[in-house]
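Notes follow the structure.
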Amino acid sequence: MLAFDVGNGSVRFAHVCGDKANPMQRHALGETGNLATGLAATWKAMPPPKKIAACSVNPTGLRVVEDAVAASIGEPVLVVGRDLPLPMATDLPSPEQIGVDRLCAAVAAFDQLGVACVVADFGTAITIDCVNDEGVFLGGAILPGLAMGADGLSAGTAALPRVQPDRPDWVYGKDTRQAIVGGLVFGARGALRQLVETYATELGHWPVVITTGGDAGLVCGDPNHSGLVQAIVPDLVLRGVAMAYYKTLVR
């Protein structure tokens with residue numbers, strides 16, 4: 001599979017074969033001039049049989065990807081939720097309305113774990129979702145990502161500057177920049193902990209916590225030294241996109 005994750009700020013893709021994935025490539029939306037070249041090289045290196053699949057929360061970005069694929073490869077793009085069924089069962093009244101990236105990340109995590117898990121994606125927006133022991137997606141929470149929070153504080157106030165989130169090595173913010181960075185990062189970390197605890201209460205036991213997204217390392221730190229997060233998997237959504245196709249082969 002050549003799998004795509006079309007987000008609000010970037011396009012990510014990788015060659016995925018079963019449970020193995022080649023290094024992920026990322027192109028910021030608005031900077032996709034060499035996307036077709038990278039796609040052609042990746043596709044050429046993939047052995048047959050091969051397919052292309054994508055999940056998207058950004059219709060404009062999806063059109064960019066489909067145009068680049070048409071120009072460089074000339075193959076159809078199978079889109080999760082449009083051409084491919086949603087990859088896992090849900091306990092939602094309108095599952096077709098949920099962001100398919102959340103379901104793809106969740107199905108990839110549950111496929112490897114086989115037990116209840118929380119999947120947190122720290123991207124443009126932060127999503128923190130829960131899957132039960134039966135592999136049913138229960139739902140979750142959405143909150144602003146770190147960059148969005150920084151933009152909102154700057155745009156909505158007269159004096160607060162726009163800061164670049166980074167990993168705070170302090171407890172007390174000693175100036176405005178430190179105070180904002182600490183609020184963003186510690187706030188996201190606290191939201192994750194609170195939601196995991198709430199989900200655990202509902203489940204009746206503590207779930208495994210898997211994270212992904214560009215800011216996952218910044219918020220969660222090293223999973224080997226974390227009492228909360230078990231793993232950071234940067235290509236989790238791409239693995240789930242591939243699984244959405246694989247599941248159609250065994251229906």
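Where q = 0.07 Å⁻¹, what log10 of I(q)/I(0) comes from the Debye formula for the chain, counting one point per Cα? Cα-only, vacuum Debye calculation for the chain: -0.25.
With Cα atoms as the point set, segment 82-121 shows a radius of gyration and Dmax of 10.3, 28 Å.
Working note: Cα gyration tensor of segment 110-245, eigenvalues times five, square-rooted, sorted largest first, giving semi-axes of 29, 15, 13 Å.
Counting every C-alpha pair in segment 113-161, the share spaced more than 13 angstrom apart comes to 63%. With the alpha-carbon atoms of segment 165-251 aligned to their principal axes, the span from lowest to highest coordinate is 58, 30, 21 Å, starting with the largest.
Ranking of Tyr246, Tyr172, Tyr199 by neighbouring Cβ atoms within 10 Å, starting from the fewest: Tyr172, Tyr246, Tyr199.
With the convex hull drawn over the C-alpha atoms of segment 1-123, the volume per residue is 114 Å³. Taking only the alpha-carbon positions of segment 1-66 and ignoring solvent, what does the Debye formula give for the base-10 log of I(q)/I(0) at q = 0.22 Å⁻¹? Normalising to I(0) and taking log10 leaves -0.91. Modelled spin-label separation between Ala36 and Trp206, with each label point placed 7 Å from Cα along the Cα-to-Cβ direction: 5.2 nm.
The spacing between segment 180-208 and segment 48-93, judged by their C-alpha centroids, is 31 Å. The order of Lys44, Lys51, going from fewest to most other C-beta atoms within 10 Å of their C-beta, is Lys44, Lys51. Remark: relative contact order (segment 44-118) = 29 percent; criterion is Cα-Cα distance under 8 angstrom and separation of 6 or more residues. Ignoring lysines fewer than eight residues from Lys50 along the same chain, the ones with Cα atoms less than 22 angstrom from its Cα are Lys20, Lys247. Which FRET efficiency, nearest 0.05, do Leu153 and Asp91 yield, Cβ-Cβ r, R0 35 Å? Efficiency computed from Cβ-Cβ geometry: 0.50. Residues Asp101, Asp166, Asp222, ranked from the fewest to the most other C-beta atoms within 10 Å, line up as Asp222, Asp166, Asp101. Within the chain, what's the longest run with no GluC sites (Glu not before Pro) in a DSSP loop and at most 13 other beta-carbon atoms within 10 Å? Give the range, please. That gives 135-251 as the longest site-free run.
Every number here is computed from the coordinates shown, using simple stated rules; none is lab data. Values in this document were obtained by computation on a predicted structure and should not be read as measured data. As a convention, Cβ positions derive from the backbone with ideal geometry for all residues, glycine included, and neighbour counts pool all protein chains shown.
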